[in-house]
Structures are given as C-alpha cells and as structure tokens.
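Below: the structure, in structure tokens.
Nothing in this text is a laboratory measurement; each read-out follows from the coordinates by a stated rule. The model shown is predicted, which means the values in this text are computed figures rather than measured ones. All Cβ positions, glycine included, derive from the backbone under ideal geometry; neighbour counts span all protein chains shown.
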Amino acid sequence: MPHQVESRLDFYGGRQPSEAPAYFLGDAAHYLCLPVTTIRSWVEGRPYTVKGRIVQSMPLVVPADRDNLHLSFLHLVEFHVVSSLRRVRGVQPRPVRRAINFLRKKFNSPHP
C-alpha cells in the first residue's frame, strides 16, 4: 500500500488572504484616489513641527510586509474608511489616530 503524504499549499504564509501583503503604496494610492504621500504618512508616520521642535507622528497601520512596505486588502479597507472620515466628515488626523489606538487596544486587533 503506497504511503500517502498530506500536502497543503500555503500561499499566504499562514495568514488570512485578506491580510497577505499584496499592494505597493502606489497601488493603494491609485485604487483609493489618494496621493502616495498620504498613504506613505499613514504607513510610516510623518515629521511635523510643534513649538519649534520636529516630532514624528505615529503610523496608522503596521504594513503586512514591513521590509517592503506592502499592504494588505484590509489596509485598503481601513484607508478607505479613514479617507472618507477625513473628506466627507472633516475629521482631523489626531482624533482618527486616537480612535484607532483605542480600538486596537480594546479589541486586540491589528485592523480595528
């Protein structure tokens, strides 16, 4: 009797497909009709000046692939929501960051 070997292909590195790194920053910007600089600042944070000092804002997300800054489908969904809050409702970045941090801690989720 031949020995059967169970074989499973793992295309996503143990992740859910929606969390797999699949999009470059430029792709995300194109799909969401946002400037690449906006996407980059949401992924890396950005420097700004407060009372003559340069400080760095915290990123909104942790990229699915930190080395290459690739984003997942869930990141695109998050950015769409954040962009809509900013454009349609006029919500400023600080309350958005606070809400994201609160939800991330409250629900122990990387995608609140």
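Every test in (1) hydroxyl-bearing (Ser, Thr, Tyr); (2) over 16 Å from the mean Cα position of the chain (by Cα); (3) in a helix (DSSP H, G or I) is passed by Ser83 save one, and that test is (2). Of Ser72, Ser109, all but one fail to be farther than 20 Å from Ala28 by Cα and of a type outside the set (Phe, Trp, Tyr); the exception is Ser109. Taking the stretch 60-79 as the range and being within 13 Å of His111 (Cα to Cα) and not aliphatic (A, V, I, L, M) as the test, the residues that pass are Pro63, Ser72, Phe73, His75, Glu78, Phe79. Pairs meeting the criteria (first residue in the stretch 10-21 and of a type in the set (A, V, I, L, M), second residue not in a helix (DSSP H, G or I), beta carbons under 8 Å, at least 6 apart or on different chains) are Ala20/Phe11; Ala20/Tyr12; Ala20/Gly13; Ala20/Ala64; Ala20/Ser72. Do we find a residue being of a type in the set (Gly, Ala, Ser), part of a loop (DSSP other than H, G, I, E, B), free of Cβ contacts under 8 Å to residues at least 60 places away in the same chain and closer than 16 Å to Glu19 by Cβ anywhere in the stretch 44-66? Yes, the stretch 44-66 contains at least one residue that is of a type in the set (Gly, Ala, Ser), part of a loop (DSSP other than H, G, I, E, B), free of Cβ contacts under 8 Å to residues at least 60 places away in the same chain and closer than 16 Å to Glu19 by Cβ. If you go through the stretch 22-37 and pick out every residue that is closer than 13 Å to Phe79 by Cβ and either in contact (Cβ under 8 Å) with a residue 24 or more places away in the chain or of a type in the set (Asp, Glu) (or both), you end up with 7.
Restricted to the stretch 67-98, and to residues there that are surrounded by 14 or more Cβ atoms within 10 Å (Cβ to Cβ) and free of Cβ contacts under 8 Å to residues at least 12 places away in the same chain, the residue that is nearest to Ser41 (Cα to Cα) is Arg86. Checked against the criterion of being in contact with a Ser or Thr (Cβ under 8 Å, 6 or more places away or on another chain), of a type in the set (A, V, I, L, M, F, W, C) and surrounded by 14 or more Cβ atoms within 10 Å (Cβ to Cβ), the candidates Ala28, Ala64 yield just one match: Ala64.
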